[in-house]
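The values are calculated or read from the model by the stated rules, or taken from the named source; none is laboratory data. All of these numbers come straight from a predicted model, not from anything done at the bench. Using ideal geometry, Cβ is built from the backbone for each residue, glycine included, and neighbour counts are taken over all protein chains shown. These area figures cover heavy atoms from the full protein model, side chains too; ligands, DNA and RNA do not enter into them. Shrake-Rupley method; radii C 1.70, N 1.55, O 1.52, S 1.80 Å.
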Amino acid sequence: SILAFSNILCYMGDKSSKNPLSNANKVFRITVQCPEELRDEVYCQLIKQTTENPRGSSCVRGFELIALCAGLFPPSSKLERYLLSYLKKCTENPPYPDVVRLCEYATLRLQRTMELGPRNEAPTELEIES
């Protein structure tokens, strides 16, 4: 959980990093094979980091991570409704302009992942970049 949070901060630019893409990949490698509770913890950390974040670039990068995670693993049934509600709220009242498209994309990815289930492997850095 601490390692995932540190990598989230690096990807978002809130902590220095030589390769933020590598940090995102570490988050995915940590969470893709872990229990549901840790996956929910990652979603909660991302929600916390994107709520009232004063730095636009950091906030947008946080929503990028939410969208990427949404394509990898679903939240638990306990967190599902809250996460979808958070994305809807941020779509309707975005903290920054780029957030709308990321929230819409994350919502679509979440719906698909909830239907199909989690991925078995973390994405490659090439997949993350695209």
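The number of Lys pairs in the chain with C-alpha atoms less than 22 Å apart, excluding pairs fewer than 8 positions apart on the same chain, is 9.
By the Stokes-Einstein formula, at 1.306 mPa s and 10 °C, segment 28-82 with its Kirkwood radius over alpha-carbon pairs has D equal to 137 µm²/s. Of the options CYS34, MET12, CYS44, report the single residue whose Cα projects farthest towards the positive end of the charge dipole of segment 1-92 (beta-carbon charges: Lys, Arg +1; Asp, Glu -1). Of the options given, the answer is MET12. Taking a ≥ b ≥ c as the square roots of the eigenvalues of the alpha-carbon gyration tensor, the chain is classed rounded because a/c is under 1.5. Taking only protein heavy atoms and a 1.4 Å probe, the accessible area of the chain is 51% carbon and sulfur. Between LYS89 and SER1, the modelled labels are 2.2 nm apart [label points 7 Å from Cα along Cα→Cβ]. About its Cα centre, the chain has a charge dipole of approximately 160 debye under the convention of +1 per Lys or Arg Cβ and -1 per Asp or Glu Cβ, with nothing else charged.
Dividing the mean sequence gap of close Cα pairs (under 8 Å, 6+ apart) by how many residues the chain holds gives a relative contact order of 29 percent.
The length gained by stretching the chain between ASN19 and GLU127 to full extension, at 0.36 nm per residue less their Cα-Cα distance, is 37.3 nm.
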